[in-house]
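*Asks:* My structure is below; once you've seen it, I'll send some questions.
The values are calculated or read from the model by the stated rules, or taken from the named source; none is laboratory data. For clarity, every value in this text was computed on a predicted model and none was experimentally measured. Glycine also receives a Cβ, built like all others from the backbone with ideal geometry; neighbour counts cover every protein chain displayed.
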Amino acid sequence: MALEALLEDLYWGAEDAPWPDDAVRHQSLQLAEEIFEDYTRLHEIVIRHEPILRKRWEKRPQARRRELLLRLWPDMPDSHRPDFGGIADQKQVHFQNFQSGLLPDRILWPYLNLEDLTEAKALLMLLNSRSRNLPTMFTATEHERSVFLEYYLAKAVCLRPKHECMVLDKWDKDKYGTVVFFLRSPQPPPRFCYKLDSKTCNGLSQRDYEEHLKEFRDELRRNVTESGLSDKGHNVLLGFFNLYLQRRILDFLVHFCEEVLHDHAQASLTDDRFAIEPEPPALFENEEI
């Protein structure tokens, strides 16, 4: 089963639909392998070229930054917080009732948008963070970077509870992204699930909604722990989506580096003839580059 079709099946599948065990196991390992490859290449490029990457991106005019970003991510949203769908005050949460297909990019990766990333620091901070920290630092919480995505996935978790977990905390080619079955009596879905409908959640303040999500996270983790699983285990559906999110972020950053360093052959960017440079000073939002 193709990756996108599997994601749709996991998200939209009926509560009593057969769980695609083999497809999930195969695709999660494939995603993990690609993440390993992308992270390794990204890390090796950045530790050699981060100062020049910063200098070139900072000097590039915003119009040319935008042009490059759209070349790498053709449907990148224009505005900050595109998951809010252009709500002017952003004080209340309003949900769209998607009926089919993959959730749009503005829901899956709301922080990847032209308004933010054409500002030099935002992309450079993302590049530094993702290239110098192992993916295991981020995998378990990729979906939490979008309040809307977490809501939609929480609904799917409640409808299709699955007593398997995914290993996301071990940076090991033989373990990262593996699915582990554990034999326990089925646990009831979190009580929070009964609150998860758009009529109930629409109109909540963002702060109140985030409190709801914290309750969901805590109870989901508690259910996993009570099932006899280490607190390092992660729900399979959430874990699979998080691998998908992470894979595209790393792929985007690898191609970004290759584009900015276009005057070097791609295969040469990780050559030992380029010395490993000291990490440049940290960037902060309130300072000039």
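*Asks:* Within the set of pairs 6 or more residues apart or between chains, which connect a residue that is small (Gly, Ala, Ser) inside region 66-84 to a residue that is in a helix (DSSP H, G or I) with Cβ atoms less than 8 Å apart?
*Replies:* SER79/LEU114; SER79/GLU115
*Asks:* A follow-up question, please. Within region 7-20, restricting attention to residues that are outside any loop (DSSP other than H, G, I, E, B) and in contact (Cβ under 8 Å) with a residue 24 or more places away in the chain, which residue is farthest from ASP174 (Cα to Cα)? Before you say what the answer is, go through the steps one by one.
*Replies:* Looking only at region 7-20, we keep the residues that are outside any loop (DSSP other than H, G, I, E, B), and these are 7-12.
Cutting the leftovers down to in contact (Cβ under 8 Å) with a residue 24 or more places away in the chain gives us 7-8, 10-12.
Numbers: LEU7: 23, GLU8: 27, LEU10: 24, TYR11: 27, TRP12: 30 Å.
Ranking the candidates gives TRP12 first.
*Asks:* Kindly provide the set of residues from region 31-45 that are under 26 Å from ASP105 (Cα atoms) and touching a residue at least 12 places away in the same chain (Cβ under 8 Å), ordered by number.
*Replies:* Result: LEU31, ALA32, GLU33, GLU34, ILE35, PHE36, ASP38, TYR39, ARG41, LEU42, HIS43.
*Asks:* So how many residues does region 8-45 have that are of a type in the set (Val, Ile, Thr), closer than 17 Å to ARG248 by Cα and buried (at least 17 other Cβ atoms within 10 Å of the Cβ)?
*Replies:* Within region 8-45, the first condition is being of a type in the set (Val, Ile, Thr), and the residues that meet it are 24, 35, 40, 45.
Okay, now just the ones that are also closer than 17 Å to ARG248 by Cα, so 35, 40.
Applying the additional criterion that residues be buried (at least 17 other Cβ atoms within 10 Å of the Cβ) yields 35.
Result for region 8-45: 1.
*Asks:* Looking at (1) surrounded by 15 or more Cβ atoms within 10 Å (Cβ to Cβ); (2) at pLDDT below 95; (3) of a type outside the set (A, V, I, L, M), which one does ARG66 not meet, given that it meets all the others?
*Replies:* If we test ARG66 against (1) surrounded by 15 or more Cβ atoms within 10 Å (Cβ to Cβ); (2) at pLDDT below 95; (3) of a type outside the set (A, V, I, L, M), just (2) comes out false.
*Asks:* Across region 139-173, which residue is farthest from ASP83 (Cα to Cα) among those that are at pLDDT below 75 and in a strand (DSSP E or B)?
*Replies:* Only one residue fits best here, namely GLU164.
*Asks:* Considering only residues that are surrounded by fewer than 18 Cβ atoms within 10 Å (Cβ to Cβ) and part of a helix (DSSP H, G or I), which ones fall in region 69-80? Quick ask: steps written out before the conclusion?
*Replies:* If we filter region 69-80 for residues that are surrounded by fewer than 18 Cβ atoms within 10 Å (Cβ to Cβ), which is where we start, we get 70-72, 74-75, 78-80.
Across region 69-80, the qualifying residues are LEU70, ARG71, LEU72.
*Asks:* Please state which one of ARG71, ARG130 is modelled with pLDDT of 85 or more and either more than 19 Å from the chain's Cα centre (by Cα) or of a type in the set (Ser, Thr, Tyr) (or both). Can you show your working first?
*Replies:* Values: ARG130 fails: either more than 19 Å from the chain's Cα centre (by Cα) or of a type in the set (Ser, Thr, Tyr) (or both).
That would be ARG71, the only listed residue that is modelled with pLDDT of 85 or more and either more than 19 Å from the chain's Cα centre (by Cα) or of a type in the set (Ser, Thr, Tyr) (or both).
*Asks:* Would you mind finding the one in LEU108, LEU102 that is under 28 Å from SER129 (Cα atoms), surrounded by 20 or more Cβ atoms within 10 Å (Cβ to Cβ), at pLDDT below 95 and hydrophobic (A, V, I, L, M, F, W, C)?
*Replies:* After ruling out the rest, the residue left standing is LEU108.
*Asks:* I'd like to check which helices (runs of 4 or more DSSP H) are fully inside region 187-289 and have at least 2 residues that are among the aliphatic types (A, V, I, L, M) and at pLDDT 65 or above. Outline the logic, then answer.
*Replies:* Details: elements: 198-201, 206-226, 236-260.
It comes to 236-260.
*Asks:* Taking TYR176, is it assigned to a loop (DSSP other than H, G, I, E, B), at pLDDT 90 or above and not hydrophobic (A, V, I, L, M, F, W, C)?
*Replies:* Details: assigned to a loop (DSSP other than H, G, I, E, B): yes; at pLDDT 90 or above: no; not hydrophobic (A, V, I, L, M, F, W, C): yes.
Answer is no for this residue.
*Asks:* A further question follows. Working carefully through the options GLU4, GLU50, find the one that is in a helix (DSSP H, G or I) and surrounded by fewer than 15 Cβ atoms within 10 Å (Cβ to Cβ).
*Replies:* Numbers: GLU50 fails: surrounded by fewer than 15 Cβ atoms within 10 Å (Cβ to Cβ).
GLU4 is the lone residue from the list that is in a helix (DSSP H, G or I) and surrounded by fewer than 15 Cβ atoms within 10 Å (Cβ to Cβ).
*Asks:* Please specify each residue of region 99-138 satisfying the condition of being of a type in the set (A, V, I, L, M, F, W, C) and assigned to a helix (DSSP H, G or I).
*Replies:* The initial filter retains those residues of region 99-138 that are of a type in the set (A, V, I, L, M, F, W, C), namely 102-103, 107-109, 112, 114, 117, 120, 122-127, 134, 137-138.
Within region 99-138, ILE107, LEU108, LEU114, LEU117, ALA120, ALA122, LEU123, LEU124, MET125, LEU126, LEU127, MET137 qualify.
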